[in-house]
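Report on the following structure.
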Amino acid sequence: MVQHRPELVSLPAWLRRPIGKASELSTVQRIIKQRNIHTICEEGRCPNRGECYAQQTATFLLMGPVCTRSCAFCQVDKGHAPLPLDPQEPAKVAEAVQHLKLRYVVLTAVARDDLPDGGAGVFVATIAAIRAANPQTQIEVLTPDFWSGQGYEQAQRDRIAQVVATQPACYNHNLETVARLQGPVRRGAKYGRSLAVLKTVKELDPAIATKSGLMLGLGETEAEIGQALADLRAVGCDRLTLGQYLRPSLAHLPVVKYWTPAEFDAWGERARSLGFSHVRSGPLVRSSYHAGEAG
């Protein structure tokens, strides 16, 4: 269990930063709202969204803003039935990519355990639509685990295979936290199952770069972080992001520790020494932070 400490109310100075130029934010928000599509940048209120928009990078949230799972760290809406799929969503996302002149796009999604294929087909359709309209745009995917119940290992592999067949620039699936904290932090997910996603991608196509990320500050120990990094390398994970967990609201898990920039730098160096080819490690780093620079 997570050992809760009294909430750390005051943010350290290194976590305070402007969200970006209002003009850059409003342009993206207007285009997204007009098409009734979503970005995790906005739904998750990412602190880096202004910077990413300025660098022509954005992360689209597919299949609506409501998740079928209830992870205790995530700000994405949950707790009621997800919306029906929008058959025009792939075309709308492709159009937004074109209007925003994005050169690198990350496609992620809420978990849709209610769908027969877990949403794999939506990833495939959206990738095809983006490439048809924007052939120069690189596409990274950040998928859920595509799990739908006990005994569904082959179904999970088949869903991953659909996405791998599109040959994304990078296949990301986040471990999120260390093995001991998976239960209270990632309700409905499993440590081994997430490692299996990354392992399966490499088995299906070793040429595709794989990536994962951890949030620090939930009560993990240094030994546990080290083990998680070793486990990721054991399944061939190429790229890594390490960032500080920030509590979205009082209904979410509290922050146990604010790791310092120097500590993040040290973890970044350790990750590189283990063989990760691209590492982003810092308090405000998120899964898609500077994603387009890894290629």
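Across the range 195-224, the qualifying residues are those that are in contact with a Phe, Trp or Tyr (Cβ under 7 Å, 6 or more places away or on another chain), β-branched (V, I, T) and not in a loop (DSSP other than H, G, I, E, B), and the one among them that is surrounded by the fewest Cβ atoms within 10 Å (Cβ to Cβ) is T210.
If the condition is being more than 20 Å from G213 (Cβ to Cβ) and under 21 Å from the mean Cα position of the chain (by Cα), then the range 135-155 contributes T137, S148.
Remark: pairs (first residue in the range 151-175, assigned to a loop (DSSP other than H, G, I, E, B); second residue among the aromatic types (F, W, Y); Cβ separation under 8 Å; 6+ apart in sequence or on different chains) = T166/F123; A169/Y104; L175/Y191. Against the conditions (1) free of Cβ contacts under 8 Å to residues at least 40 places away in the same chain; (2) in a helix (DSSP H, G or I), G236 satisfies every one except (2). For the range 107-159, enumerate the residues that are among the β-branched types (V, I, T), at pLDDT 95 or above and closer than 15 Å to Y171 by Cβ. Within the range 107-159, V124, T126, I127, I139, V141, T143 meet the criteria. Residue pairs whose Cβ atoms lie under 6 Å apart, separated by 6 or more positions or on different chains, with the first residue in the range 27-41 and closer than 14 Å to Q98 by Cα and the second modelled with pLDDT of 70 or more and surrounded by fewer than 18 Cβ atoms within 10 Å (Cβ to Cβ), are I31/H99. Inspect all residues belonging to the range 181-194 and state whether any of them is touching a residue at least 60 places away in the same chain (Cβ under 8 Å), small (G, A, S), surrounded by 20 or more Cβ atoms within 10 Å (Cβ to Cβ) and out of contact with any strand residue (DSSP E or B) (no Cβ under 6 Å at 6 or more places or on another chain). Within the range 181-194, one or more residues are touching a residue at least 60 places away in the same chain (Cβ under 8 Å), small (G, A, S), surrounded by 20 or more Cβ atoms within 10 Å (Cβ to Cβ) and out of contact with any strand residue (DSSP E or B) (no Cβ under 6 Å at 6 or more places or on another chain). I'd like to verify a number: residues in the range 260-288 that are at pLDDT 95 or above, among the hydrophobic types (A, V, I, L, M, F, W, C) and either surrounded by 22 or more Cβ atoms within 10 Å (Cβ to Cβ) or within 20 Å of N172 (Cα to Cα) (or both), how many? Number satisfying all stated conditions: 5.
Can you tell me which condition L246 does not meet? The list is (1) outside any loop (DSSP other than H, G, I, E, B); (2) surrounded by fewer than 23 Cβ atoms within 10 Å (Cβ to Cβ), and all the others hold. Going through (1) outside any loop (DSSP other than H, G, I, E, B); (2) surrounded by fewer than 23 Cβ atoms within 10 Å (Cβ to Cβ) one by one, L246 breaks only (1). Of everything listed in (1) crowded, with 19+ Cβ neighbours inside 10 Å; (2) at pLDDT 90 or above; (3) aliphatic (A, V, I, L, M), the single unmet condition for A91 is (1).
The one condition from (1) at pLDDT 95 or above; (2) closer than 21 Å to I31 by Cβ; (3) of a type in the set (S, T, Y) that T59 does not meet is (1).
Within the range 249-259, the residues that satisfy the criterion of being of a type in the set (A, V, I, L, M) and exposed (fewer than 15 other Cβ atoms within 10 Å of the Cβ) are L250, A251. When the range 94-109 is filtered for residues that are in contact with a Gly (Cβ under 7 Å, 6 or more places away or on another chain) and outside any strand (DSSP E or B), only R103 remains. Filtered by the rule that a residue be more than 18 Å from the chain's Cα centre (by Cα), part of a loop (DSSP other than H, G, I, E, B) and either touching a residue at least 12 places away in the same chain (Cβ under 8 Å) or under 14 Å from E95 (Cβ atoms) (or both), the range 114-134 gives D114, L115, D117, N134.
Taking the criterion of being out of contact with any Pro (no Cβ under 9 Å at 6 or more places or on another chain) and among the polar types (S, T, N, Q), the residues of the range 95-134 that qualify are Q98, N134. Restricting attention to the range 182-194 and to residues that are in a helix (DSSP H, G or I) and closer than 14 Å to F146 by Cβ, the residue that is farthest from the chain's Cα centre (by Cα) turns out to be R193.
The values are calculated or read from the model by the stated rules, or taken from the named source; none is laboratory data. Note that the coordinates shown come from a computational prediction; the quantities given were computed from them, not determined experimentally. Positions of Cβ are backbone-derived with ideal geometry, glycine not excepted, and every protein chain shown enters the neighbour counts.
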